[in-house]
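Novice: Dropping the structure in here first, questions after.
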Amino acid sequence: MLALCCQPAMAKTSFTQQQLAGFANDSSLIFSVLSNQLTEPSRFNAAITLHNGSAYTLPGGKSDWQIYFHSIRRIDTTQQQGLVLQHVQGDLHRLSPEHDFAGLAPGQQLQLTYSSAPWVVSYSDFMPRAFITATGLTPAVFANTDTEQLNRFVAPINTAQQQLRNSGTADLVPITNAASRFVNNAELNAHSNDTEIAQRIIPTPLQAKFSKRRLTLSSNWQISYSGRLTSEAAYLQQQLQLSGLSLQSAVSSNVSAPQIRLSVDATMPLTAEGYQLDIADKQIKLIGKDNAGAFYAVQSLLALAQQTDLGIQLPQGKITDQPRASWRGMHYDMARNFHGKDVTLRLIDNMARYKLNKLHLHLTEDEGWRLEIPGLPELTAIGANRCFDLTEQQCLLTQLGTGPHSSGSGNGYYSTADFIEILQYAAARHIEVIPEIDLPGHARAAIVAMKARYNRLQALGQPQAAAQYLLSDPADTSRYLSVQNYNDSSANVCLESTYAFVEKVVYELQQMYRSAGVKLQIFHMGGDEVAQGSWLGSPACQQLFAAPDNGIAGVADLKPWFVSRVAEITHRRGLDLAGWEDGLMYDQQHTFNRTQFANNKVIAHAWDNIWEWGVADRAYRLANNGYQVVLSPGTHLYFDHPHEAHPLERGYYWATRFSSIDKVFGFMPDNLYANADTTRNGAAINDLEALVGREMPSLQQPQNILGIQGQLWSETIRTAEQLEQMLYPRMLALAERAWHKAAWEQNNNPQQALRQRQQDWYSFASRLNKTEFARLTANGSSFYLPPPGSIHTAAGISVNNAIPGLYTEFSTDNGVSWQPYKAPLATEEKVVWLRSRYQAVQSRIVEVTNSGH
């Protein structure tokens with residue numbers, strides 16, 4: 001394995017602390033994409049330019065300075081101009097001078113070129129906070145990279161060679177521009193819907209009928225509730241108070257005042273979480289099939305409420321409603337980059353508002369451990385803190401643009417008190433929190449932390465205690481590289497201490513849930529993307545192979561062995577088990593034998609559905625073989641992917657080049673294969689089986705599909721604002737599909753289905769602009785606004801938006817001043833800037849050349 005303990009030996013001191021800081025502050029490091037269109041498919045050429053803008057010479061020869069930077073693509077060791085560029089670990093790389101480095105005087109610059117794979121087509125592929133170090137000195141961050149304005153350290157990505165990918169065939173996904181966006185928006189909104197938007201709530205109810213009559217809530221109304229609904233009544237009272245209306249509430253009474261009555265009727269012919277809402281002159285009835293149903297009736301009531309000059313008004317009418325799916329989930333990765341407790345609580349609030357009920361918290365990763373575990377302080381002291389420490393005894397090695405200091409982005413964790421608060425907050429909103437401790441892959445933060453614990457206790461003369469929770473075999477000579485470019489990220493599944501660690505963590509999780517007054521029901525083990533080659537050189541594994549009668553003959557048996565051991569631990573504690581799909585499969589087509597796991601439920605999150613890779617059918621294979629499945633497809637429900645195909649849009653794009661709001665809205669959970677629209681490079685899919693080259697299995701056990709879940713991974717998401725702009729409003733489209741099955745999903749007439757879908761979208765999107773953006777804003781949440789499209793006509797510039805009626809502004813002075821757009825825009829200025837805006841939230845700016853003048 002690659003040793004991280006030591007920097008290369010250096011010959012001479014290069015800088016004082018003041019000089020190092022001055023060099024980093026005044027010099028610049030610029031990253032450039034040269035071309036993604038190389039002869040060799042799925043590779044790119046790029047360059048790093050270092051300009052010395054300081055008053056100090058960067059010393060030549062084998063000096064002790066080094067420059068570190070983050071690159072999501074692993075760069076092979078290369079030597080140019082006396083500098084060695086090499087991969088360190090994960091995304092961290094370094095530049096080191098050799099004897100023949102000539103130095104870099106003030107005013108000079110040098111450029112290093114390199115090649116890697118697969119592509120780099122977005123600004124967000126580059127991470128901030130490159131830094132320079134020297135022996136004995138505090139590292140200094142290059143000032144031009146210490147920013148979230150990526151264009152300060154990434155050269156323009158504006159040519160076809162830079163923006164289009166070569167995978168052996170042409171990239172058929174066009175880069176979006178103002179004109180193509182205008183056409184797409186026009187097609188998307190081709191059919192308006194005459195539904196009254198005030199009565200169109202998200203998600204759409206099963207049945208809803210309203211009259212033209214309205215009632216106004218006033219302070220003489222009361223909230224009446226059955227005793228079991230105390231929490232739901234308190235929530236309603238609080239929400240109305242936030243709207244300026246204070247109502248008294250009491251357990252059911254017979255007073256004559258107009259009432260909002262909350263009750264439960266388990267005999268209603270509805271599924272779990274179903275409800276009825278009846279709004280009449282003197283009484284509003286909210287009747288739930290269960291407590292969750294009553295809570296969702298409250299949410300529908302609040303969604304219908306309109307703030308007017310007269311007060312809060314409601315349409316009179318009736319809703320009968322129930323969910324399409326029992327699992328309506330949102331996965332949130334705060335392990336890659338931690339964003340704080342407040343944004344988590346806002347996420348819970350917004351999930352509850354749109355009737356999502358499962359919050360899958362991805363608490364651990366290679367890049368961070370984000371939950372305090374009593375008795376294992378290193379997990380957060382080291383595993384939740386990234387900085388520049390090659391020994392990793394003080395912190396985890398810096399990754400993902402954190403830079404050299406603990407004050408950089410992405411650091412932090414939930415204390416036990418924080419987590420208990422989160423659990424209670426979610427439970428009050430009928431949201432189950434599912435904790436994920438990702439093992440055996442993606443475990444580097446835990447592995448490093450337990451090594452540090454081992455070293456600490458060994459130094460204290462406690463070897464037995466030191467080894468108690470060790471996750472790595474010190475004698476392991478295995479050589480591998482994970483998808484994220486780590487060579488030490490797989491916990492050793494052959495060590496008993498690994499299972500002692502799992503036991504300890506699960507125990508502490510259960511204790512936190514009990515302290516919160518909530519029952520832990522599901523433990524998510526992760527299980528995904530274990531690097532090939534893990535454990536091949538482990539003596540502990542060789543001993544396991546040699547042991548008689550354990551059913552383990554070689555490395556291929558180790559993953560199911562690990563899952564069976566975790567299943568045993570969790571089953572003994574009364575828990576169901578969950579994991580990502582590939583953690584429950586031998587290969588692309590063969591699942592582990594479900595009967596070897598004693599848990600009542602083993603839940604698989606099916607995510608890897610790049611259609612041409614031939615693994616999209618794993619969701620159905622798992623369901624048919626007795627696993628419960630949550631559809632989590634990368635092509636439609638990965639919210640870390642860009643909103644549109646444009647280099648300025650944030651996110652990874654391994655599954656699809658973009659995932660727009662309407663694409664999420666159009667996902668059809670009941671027929672997974674029907675969502676196979678294009679390949680990753682944009683080629684139309686007309687026959688999925690022909691593309692894959694074999695028969696795709698049908699779903700034989702539909703009852704094993706629990707529902708759907710959105711995923712938000714956070715490699716490129718360093719701030720809370722960035723997080724929420726990736727989440728919202730795509731999460732609202734997810735909620736729509738998780739709760740409501742639209743008529744167009746089951747219409748076999750393509751033209752009718754398209755028209756129905758466009759009408760449904762128009763109503764949904766109009767509701768976003770007229771109501772839901774205001775509700776998100778009131779909750780303190782940021783969100784994404786699609787930039788406007790535009791075309792030139794004889795009369796001037798015409799503008800439209802994917803979201804009907806969204807406010808648009810223009811500027812003719814490079815953003816110094818903005819004016820409201822009125823169609824058509826006639827101006828003599830050659831360059832016009834356009835943007836969408838909702839109060840303080842703004843879209844990305846679109847620059848158009850006014851060809852009409």
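Novice: Check whether at least one residue in the stretch 63-71 is touching a Phe, Trp or Tyr at 6+ places or on another chain (Cβ under 7 Å), in a strand (DSSP E or B) and in contact (Cβ under 8 Å) with a residue 12 or more places away in the chain, and report yes or no.
Specialist: yes
Novice: Further question on the same structure: Any residue that is in a loop (DSSP other than H, G, I, E, B), over 14 Å from ASN350 (Cα atoms) and of a type in the set (Val, Ile, Thr) - is there at least one of those in the stretch 718-726? Give the steps one after another, and end with the answer.
Specialist: First, the residues of the stretch 718-726 that are in a loop (DSSP other than H, G, I, E, B): 718-719.
Among the residues that remain, those that are also over 14 Å from ASN350 (Cα atoms) are: 718-719.
Narrowing the set further to residues that are of a type in the set (Val, Ile, Thr) leaves 719.
Scanning the stretch 718-726 turns up at least one residue that is in a loop (DSSP other than H, G, I, E, B), over 14 Å from ASN350 (Cα atoms) and of a type in the set (Val, Ile, Thr).
Novice: Taking the stretch 575-605 on its own, how many of its residues are in a loop (DSSP other than H, G, I, E, B) and not basic (Lys, Arg)? Talk me through it step by step, then tell me what you get.
Specialist: Of all residues in the stretch 575-605, those in a loop (DSSP other than H, G, I, E, B) come to 575, 586-590, 592-593, 597-601.
Filter once more, keeping what is not basic (Lys, Arg): 575, 586-590, 592-593, 597-600.
Qualifying residue count for the region: 12.
Novice: Now for a separate question. Could you check VAL799 against (1) in a helix (DSSP H, G or I); (2) buried (at least 19 other Cβ atoms within 10 Å of the Cβ) and say which number it fails?
Specialist: Going through (1) in a helix (DSSP H, G or I); (2) buried (at least 19 other Cβ atoms within 10 Å of the Cβ) one by one, VAL799 breaks only (1).
Novice: Follow-up question, since we're still on this one. Can you work out which of the residues in the stretch 421-449 that are acidic (Asp, Glu) and within 19 Å of the chain's Cα centre (by Cα) is surrounded by the most Cβ atoms within 10 Å (Cβ to Cβ)?
Specialist: Residues of the stretch 421-449 that are acidic (Asp, Glu), as a first pass: 421, 432, 436, 438.
Subset that is within 19 Å of the chain's Cα centre (by Cα): 432, 436, 438.
Details: GLU432: 18, GLU436: 26, ASP438: 29.
Looking at the filtered set, the residue picked out is ASP438.
Novice: Taking the stated definitions as given, is LEU172 in a loop (DSSP other than H, G, I, E, B) and either out of contact with any helix residue (DSSP H, G or I) (no Cβ under 6 Å at 6 or more places or on another chain) or under 29 Å from LEU302 (Cβ atoms) (or both)?
Specialist: Yes, satisfied.
Novice: So the check is Cβ under 7 Å with 6+ separation or different chains; which pairs have a first residue in the stretch 94-106 that's under 17 Å from SER28 (Cα atoms) and a second one that's among the small types (Gly, Ala, Ser)?
Specialist: From the stretch 94-106, the pairs are GLY103/GLY60; PRO106/SER54; PRO106/ALA55.
Novice: Something else now. Considering only residues that are closer than 17 Å to LEU495 by Cβ and in contact (Cβ under 8 Å) with a residue 24 or more places away in the chain, which ones fall in the stretch 532-559?
Specialist: Hits for the stretch 532-559 are SER534, TRP535, LEU536, GLY537, SER538, PRO539, ALA540, CYS541, GLN543, LEU544, LEU558, LYS559.
Novice: Within the bounds of the stretch 738-747, is there any residue that is surrounded by 23 or more Cβ atoms within 10 Å (Cβ to Cβ), in contact (Cβ under 8 Å) with a residue 60 or more places away in the chain and either touching a Pro at 6+ places or on another chain (Cβ under 8 Å) or in a helix (DSSP H, G or I) (or both)?
Specialist: Checked against the condition, which is being surrounded by 23 or more Cβ atoms within 10 Å (Cβ to Cβ), in contact (Cβ under 8 Å) with a residue 60 or more places away in the chain and either touching a Pro at 6+ places or on another chain (Cβ under 8 Å) or in a helix (DSSP H, G or I) (or both), the stretch 738-747 yields at least one hit.
Novice: Taking ASN625, is it crowded, with 21+ Cβ neighbours inside 10 Å and either under 21 Å from ALA738 (Cα atoms) or at pLDDT 95 or above (or both)?
Specialist: Numbers: crowded, with 21+ Cβ neighbours inside 10 Å: no; either under 21 Å from ALA738 (Cα atoms) or at pLDDT 95 or above (or both): yes.
The answer is no for ASN625.
Listed here are the residues, each with its yes/no results for (1) more than 15 Å from the chain's Cα centre (by Cα); (2) among the basic types (Lys, Arg); (3) within 24 Å of ARG444 (Cα to Cα).
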{"position": "SER326", "(1), (2), (3)": "yes, no, no"}
{"position": "GLY329", "(1), (2), (3)": "no, no, no"}
{"position": "LEU347", "(1), (2), (3)": "no, no, no"}
{"position": "TYR354", "(1), (2), (3)": "yes, no, no"}
{"position": "HIS362", "(1), (2), (3)": "no, no, yes"}
{"position": "CYS387", "(1), (2), (3)": "yes, no, yes"}
{"position": "SER409", "(1), (2), (3)": "yes, no, yes"}
{"position": "PHE419", "(1), (2), (3)": "yes, no, yes"}
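Novice: On to the next question. Just checking, does the stretch 406-413 include any residue being assigned to a loop (DSSP other than H, G, I, E, B), without any contact (Cβ under 8 Å) to a residue 24 or more places away in the chain and surrounded by fewer than 24 Cβ atoms within 10 Å (Cβ to Cβ)?
Specialist: yes
Novice: Here is a follow-up. Checking VAL298 against (1) assigned to a strand (DSSP E or B); (2) surrounded by 18 or more Cβ atoms within 10 Å (Cβ to Cβ), only one condition comes out false. Which one?
Specialist: (1) is the only condition that VAL298 fails.
Novice: Being of a type in the set (Ser, Thr, Tyr), farther than 14 Å from ILE260 by Cα, surrounded by 12 or more Cβ atoms within 10 Å (Cβ to Cβ) and touching a residue at least 12 places away in the same chain (Cβ under 8 Å) narrows it down to one residue among SER211, SER224, SER192, SER218; which is it?
Specialist: SER192
Novice: Turning to a different aspect of this structure: Assess whether ILE708 counts as being in a strand (DSSP E or B) and β-branched (Val, Ile, Thr).
Specialist: Taking the combined requirement at face value, the residue satisfies it.
Novice: With ALA140, ALA134, ALA117 as the choices, which residue is out of contact with any Leu (no Cβ under 9 Å at 6 or more places or on another chain), of a type in the set (A, V, I, L, M) and more than 20 Å from ILE717 (Cα to Cα)?
Specialist: Answer to the check: ALA117.
Novice: Using the structure shown, decide if HIS590 is surrounded by fewer than 16 Cβ atoms within 10 Å (Cβ to Cβ), at pLDDT 95 or above, assigned by TED's automatic domain parsing to the domain that holds PHE639 and within 27 Å of ARG694 (Cβ to Cβ).
Specialist: yes
Novice: Can I ask one more? Among the candidates PHE783, PHE810, PHE773, single out the residue that is of a type outside the set (Val, Ile, Thr), surrounded by 18 or more Cβ atoms within 10 Å (Cβ to Cβ), out of contact with any His (no Cβ under 6 Å at 6 or more places or on another chain) and part of a loop (DSSP other than H, G, I, E, B).
Specialist: Exactly one residue qualifies, and that residue is PHE783.
Novice: From the set of residues in the stretch 23-62 that are among the charged types (D, E, K, R) and free of Cβ contacts under 8 Å to residues at least 60 places away in the same chain, which is surrounded by the most Cβ atoms within 10 Å (Cβ to Cβ)?
Specialist: Start the filter on the stretch 23-62 by keeping residues that are among the charged types (D, E, K, R), which leaves 26, 40, 43, 62.
Next cut, free of Cβ contacts under 8 Å to residues at least 60 places away in the same chain only: 40, 62.
Working: GLU40: 10, LYS62: 17.
Out of the qualifying residues, it is LYS62.
Novice: Collect the residues in the stretch 350-397 that are surrounded by fewer than 20 Cβ atoms within 10 Å (Cβ to Cβ) and part of a helix (DSSP H, G or I), keeping them in residue-number order.
Specialist: Selection gives ALA381 alone.
Novice: Within the stretch 450-556, which helices (runs of 4 or more DSSP H) (wholly inside it) include 2 or more residues that are of a type in the set (D, E, K, R), in contact with a Ser or Thr (Cβ under 9 Å, 6 or more places away or on another chain) and surrounded by fewer than 16 Cβ atoms within 10 Å (Cβ to Cβ)?
Specialist: Where helices (runs of 4 or more DSSP H) fall fully within the stretch 450-556, none carries at least 2 residues being of a type in the set (D, E, K, R), in contact with a Ser or Thr (Cβ under 9 Å, 6 or more places away or on another chain) and surrounded by fewer than 16 Cβ atoms within 10 Å (Cβ to Cβ).
Novice: Report whether or not VAL615 is outside any helix (DSSP H, G or I), of a type in the set (Val, Ile, Thr), buried (at least 23 other Cβ atoms within 10 Å of the Cβ) and under 24 Å from the mean Cα position of the chain (by Cα).
Specialist: Judged against the criteria, VAL615 is not a match.
The values are calculated or read from the model by the stated rules, or taken from the named source; none is laboratory data. Because the structure is a prediction, the values reported are computed rather than measured. Every residue, glycine among them, receives a Cβ derived from its backbone with ideal geometry; neighbour counts consider all protein chains shown.
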